[in-house]
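What follows is a short report on a single structure.
Rule-based calculations on the coordinates, nothing more; no lab input. Just so it is clear, the model here is predicted, and its values are computed rather than measured. Here Cβ is always computed from backbone atoms with ideal geometry, including for glycine, and neighbour counts include all displayed protein chains.
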Amino acid sequence: MIVNITPNLTEQFWNKLFDIYEAKNPGVAVQLELTGTIKAEAKLRQDLATGDPPDIAQHVVPTPETAELFVDLSGQAWAAGTPLFEDYAIGGKHYVVGVGEQIQSLVFYNRKAFAEAGLDAKKIRTIPQFEEAMGKRFSTRPRP
């Protein structure tokens, strides 16, 4: 399994997770394949080029150009309930299942600017709502 090592998804985290999985699935061994200084997607491309792809690649999102390299999970009932299942659909097919969601980045906003634009930050819960709010803010702003 190719993974990206991050501050919270450390090598130790993955190995502990694999130990739990292996204990529940006798006869199955999961091998962690570290990517070194390159991203998991680049490592996957290298492995594909050498004819030695992994069975699983964590945090590699298929694109329309690479989708054929992945298994279509559209018919798998268990996959449909995973995070981001619909978000990553390509041509009506599903190649990604989320195992969880974590904060990847934060959005900060200016409370005063929101109030001046008549926006209620507590009602903005999604990125599209935030983008819409920014459009309102800048459309009401006097132009120089």
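Before moving on, here are some points about what is shown:
- Segment GLN12-PHE130, extension gain: residue separation times 0.36 nm, minus the distance between their alpha carbons: 38.8 nm
- Using every pair of separate Cα atoms, the Kirkwood estimate puts the hydrodynamic radius of segment 1-41 at 10.9 angstrom.
- Gaussian network model of the chain, Cα within-10 Å springs - most flexible of ALA79, ALA42, ALA23: ALA23
- Calculated from backbone phi, Karplus (6.51, -1.76, 1.60) coupling profile of segment 46-52 in Hz, x at Gly/Pro: 4, 5, 5, 5, 8, x, 10
- Computed over the chain, the P(r) curve from all C-alpha pair distances, binned at 10 Å from the origin, holds 9, 27, 29, 18, 13, 4, 0 percent per bin.
- Extension gain, ARG111-ASP19: 0.36 nm per intervening residue step, less the Cα-Cα distance, totals 28.5 nm.
- With contributions of -39500 (n - 2.57) from each DSSP H run of at least four residues, the per-residue ellipticity at 222 nm computed over the chain stands at -9500 deg cm²/dmol.
- Stretch gain in nm, segment ALA89-LYS123, where the contour uses 0.36 nm per residue and the Cα spacing is subtracted: 9.5 nm
- Helix 11-24 vs. the chain, principal-axis angle (Cα, 0 to 90°, nearest 10): 60
- Charged neighbours of GLY91, selected by a Cβ distance under 15 Å, balance to -4 (K, R count +1; D, E count -1).
- Phi-based couplings in Hz for segment 65-78 (Karplus 6.51, -1.76, 1.60; Gly and Pro marked x): 6, 10, 4, 5, 7, 10, 7, 6, 9, 4, x, 8, 4, 5
- Excluding exposed DSSP-loop GluC sites (Glu not before Pro) (at most 14 other C-beta within 10 Å), longest clean stretch of the chain: 1-64
- Sites counted here are trypsin sites (Lys or Arg not before Pro) in a DSSP loop (not H, G, I, E or B) having no more than 14 other Cβ atoms within 10 Å; the longest part of the chain that contains none of them is 40-124.
- Tilt relative to the chain, helix 127-139 - C-alpha long axis, 0 to 90 degrees, to 10: 30
- Toward the positive end of the charge dipole of the chain, with +1 on the Cβ of Lys and Arg and -1 on the Cβ of Asp and Glu, the farthest Cα among THR63, ILE5, GLY118 is that of GLY118.
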